[in-house]
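Notes to accompany the following structure.
Read-outs: derived from the displayed coordinates by stated rules, not from any lab. These figures come from a predicted structure and were not determined experimentally. Note that we place each Cβ from the backbone using ideal geometry, even for glycine, and neighbour counts take in every protein chain shown.
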Amino acid sequence: MDFFSHALLPYLLGRFLRIRRDYLAALVLGGIAPDLDMLVVWINQIHPTSYLIVHRGFTHTFLFGFFVAAILLFLVSRDGIKTRSRGIVTKDLQFSPTTLAYSYAGIISHLFLDFLTSGGVPLFYPLTAARYSAEIFSHLEIVIMIATLLFMAKLFRDRPEMKIDKKVSAAFLIFLLVISGIRLEGKEMANGFHDEGFKIYPDSNLFQWTMLKNDSNNNSFLISKFNIFAGLLPDNASYLHQNAPLHKDGLDEALKRAESLPQVKLFRWRSSAVAINASEKEGQWIIEYYDPVIANQYMNSWRPPNISSRGFGSIRVMANETEAELL
């Protein structure tokens, strides 16, 4: 889910339960706290490691999420911050066991929403880096984000009272239920069109799903698409596990060097599946790692070209038998 939805939904829940303003502020702070990882991901750019210092990494966990919420609550509850917030943060907010509990409840709401989306979250890190996901919503649901922004615009227009029109709130919640129903029904329908070997991922198109199968017999990934209205779409695709020249010396060692890079390890961690293109010139191998699900979803997409290559859908490495570096 997007940052705005993570803020709005805890706010609506708190208003519905009629909790105190300071508790409500703590709940909302917890709801947005995990996405503050965007402030520290640059660390992995300067000094690459395989630690989960990435978006939806260490802050999106039960353990570290608590400390992130505690630090944010402590900072925002300082008198100087509250004075400069111009009413956005209530003056009643204090750092206490009760507000900390509400802040952690906001963390749980954030983790739950991201669990519903593609890619999921590493809930039990550092015990395990495994990601957990229901794969119901896409990583960014455009229609939900737009509706959230419109609703938040109304809230800020009504400041300082921050009143909520009951009819508008009910319409917003009904809208979320309808979107959820479409997603759940679509995934259930997609499940009925293929055998159990296929994994199903939400597409950016609300009514469309991408289905992936690891075909080990043919050393390839098979991609199919399903649309709620059109059924299985004809544009199936196949991606080789490893597309490289046959019988070329040095490839195995180059791959070994490339796989040792922390950027490659993190890319594998974030991807639904990983396919490889490799080419050789004058003893140097150019090795591209890419996610076939992302590659297929961005094919013929309205998005700007090559957006999937920006460290999310693919990475490229130059390697030989002795060293490797990210391109």
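What is the extension gain from Lys199 to Glu282, computed as 0.36 nm multiplied by their sequence separation minus the C-alpha to C-alpha distance, in nm to one decimal?
Numbers: separation 83, 0.36 × 83 = 29.88 nm, distance 3.94 nm.
Fully extending the segment from Lys199 to Glu282 adds 25.9 nm.
Counting lysine pairs in the chain whose alpha carbons fall under 17 angstrom apart, excluding pairs fewer than 8 residues apart on the same chain, gives 13.
Identify the residues of the range 205-224 with backbone N under 16 Å of a label point that sits 7 angstrom from the Cα of Asn236 along the Cα-to-Cβ direction, or state none. It comes to 210-224, nothing else.
Comparing Phe67, Met1, Leu27 along the charge dipole axis of the range 1-96, the residue lying farthest to the positive side is Leu27, per the Cβ-charge model. The trypsin sites (Lys or Arg not before Pro) of the range 184-268 meeting both criteria, a DSSP state outside H, G, I, E and B (loop) and at most 14 other C-beta atoms within 10 angstrom of the site's C-beta, are Lys248. List the residues of the range 7-43 whose backbone N lies under 11 Å from a point placed 7 Å from the Cα of Asp92 along the Cα-to-Cβ direction. Under 11 Å, as judged by backbone N against the label point of Asp92, lie 19-25 of the range 7-43.
In whole percent, what relative contact order does the range 27-123 give with Cα contacts below 8 Å and a gap of six or more residues?
Details: 117 pairs, mean separation 40.1, N = 97.
Value for the range 27-123: 41 percent.
Working note: Karplus 6.51/-1.76/1.60 with θ = phi - 60° gives the range 113-126 the couplings 5, 6, 4, 6, 9, 4, x, x, 9, x, 3, 9, 5, x Hz, where Gly and Pro are set to x. For the chain, the longest stretch holding no chymotrypsin sites (Phe, Trp or Tyr not before Pro) located in a DSSP loop with at most 14 other Cβ atoms within 10 Å is which? My reading of the result: 1-123 is the longest stretch.
Structural descriptor for the chain: relative contact order 13 percent, calculated from alpha carbon pairs under 8 angstrom and at least 6 residues apart. The spacing between the range 91-111 and the range 127-154, judged by their C-alpha centroids, is 21 Å.
Can you tell me, using C-alpha contacts under 8 Å and at least 6 residues apart, the relative contact order of the range 165-260 as a whole percent? Display every interim value, and only then the final one.
Numbers: 103 pairs, mean separation 15.5, N = 96.
Relative contact order comes out at 16 percent.
Label sites at Met152 and Thr128, each approximated as a point 7 angstrom past Cα along Cα to Cβ, lie 3.4 nm apart. The alpha-carbon positions of the chain define a convex hull whose volume is 159 Å³ per residue.
In debye, nearest 20, what is the charge dipole magnitude of the range 1-59 about its Cα centre with +1 on Lys and Arg Cβ and -1 on Asp and Glu Cβ, if you could check?
With only Lys, Arg, Asp and Glu charged at Cβ, the dipole is about 320 debye.
Remark: the chain carries a charge dipole of roughly 1720 debye about the Cα centre, counting +1 on each Lys and Arg Cβ and -1 on each Asp and Glu Cβ.
Each residue of the range 199-214 was assigned a 3J(HN,Hα) from its phi angle through the Karplus curve 6.51 cos²θ - 1.76 cosθ + 1.60 (θ = phi - 60°); the sequence is 9, 10, 10, x, 8, 5, 6, 3, 9, 10, 9, 10, 10, 10, 10, 8 Hz, with glycine and proline shown as x.
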